[in-house]
Amino acid sequence: MVKIILTIVLMFCFIIPAYCHSVPMELYKGIIAEDTSGDYQVYLAIASVVHNRLQKGMTIGLVALNRQDLDNFINQEYWYAKTKGVDLIKISTQAIKEVFYNNIDTTNGATNYEHTGVYPVPKYTRIMQICKIMFMGTKKEITFWREK
């Protein structure tokens, strides 16, 4: 009986980490700071991009994590959304769990994205392939790229 339990414990120690990368500590903050809409599909897509980047040995790539006022911004947006009945932290952490632990990719392998409805298309994407575009209304377009 002890051998069986030990075998199961060892399987979890070695097999599970092989299938999921560790989740960056403040990823939920990065997702919220990148998009304050609380749209679950958008959060899944951002988490997918981060997961794809980490699988390829790239940096996390969320520039929003570099904000000087990140914690204040997250707190402000969280409470603003909460007044509308939206829990940004709950939605972002659920998206992270879905992507990192169930290995779901909603972006077809994207490693980069931009809110192209608001910001210009980055020059570095000229050598990349568009793999997904999300339309959510006027000025709410997000384009996803991967390497060719």
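Between the stretch 132-148 and the stretch 40-115, what's the alpha-carbon centroid distance in Å?
Using only Cα atoms, the two centres lie 15 Å from each other.
For a quick check, take a GNM of the chain with Cα springs below 10 Å and name the residue from V121, V23, V49 with the largest mean-square fluctuation.
Largest GNM mean-square fluctuation: V121.
Can you run phi through the Karplus equation (6.51, -1.76, 1.60; θ = phi - 60°) for the stretch 124-136 and list ³J(HN,Hα) in whole Hz, with x for Gly and Pro?
Along the stretch 124-136, the couplings run 5, 7, 4, 9, 10, 10, 6, 10, 6, 10, 10, 9, 10 Hz.
If you average over every viewing direction, what projected area does the convex hull of the Cα atoms of the chain give, in nm²?
Working: hull surface 44.6 nm².
For the chain, averaging the hull's shadow over all directions gives 11.2 nm².
Under 11 Å from a point placed 7 Å out from the Cα of E114 along the Cα-to-Cβ direction: which residues of the stretch 31-50 have their backbone N that close?
Under 11 Å, as judged by backbone N against the label point of E114, lies no residue of the stretch 31-50.
Which peptide among 130-142, 34-46 comes first, and what is the full order, when sorted by highest mean count of other Cβ atoms within 10 Å?
Working: 130-142: 13.8, 34-46: 20.2.
The peptides rank, most packed first, as 34-46, 130-142.
Among the listed pairs K56/K84; K56/K97; K90/K123; K97/K132; K97/K123; K90/K132, give every one whose C-alpha distance is greater than 29 Å.
Values: K56/K84 38 Å; K56/K97 19 Å; K90/K123 34 Å; K97/K132 22 Å; K97/K123 32 Å; K90/K132 25 Å.
Too far apart for the 29 Å limit: K56/K84; K90/K123; K97/K123.
Any read-out appearing in this document is the output of simple, stated calculations on the displayed coordinates, not a laboratory observation. All of these numbers come straight from a predicted model, not from anything done at the bench. Glycine gets a Cβ as well: all are built from the backbone with ideal geometry, and neighbour counts include every protein chain shown.
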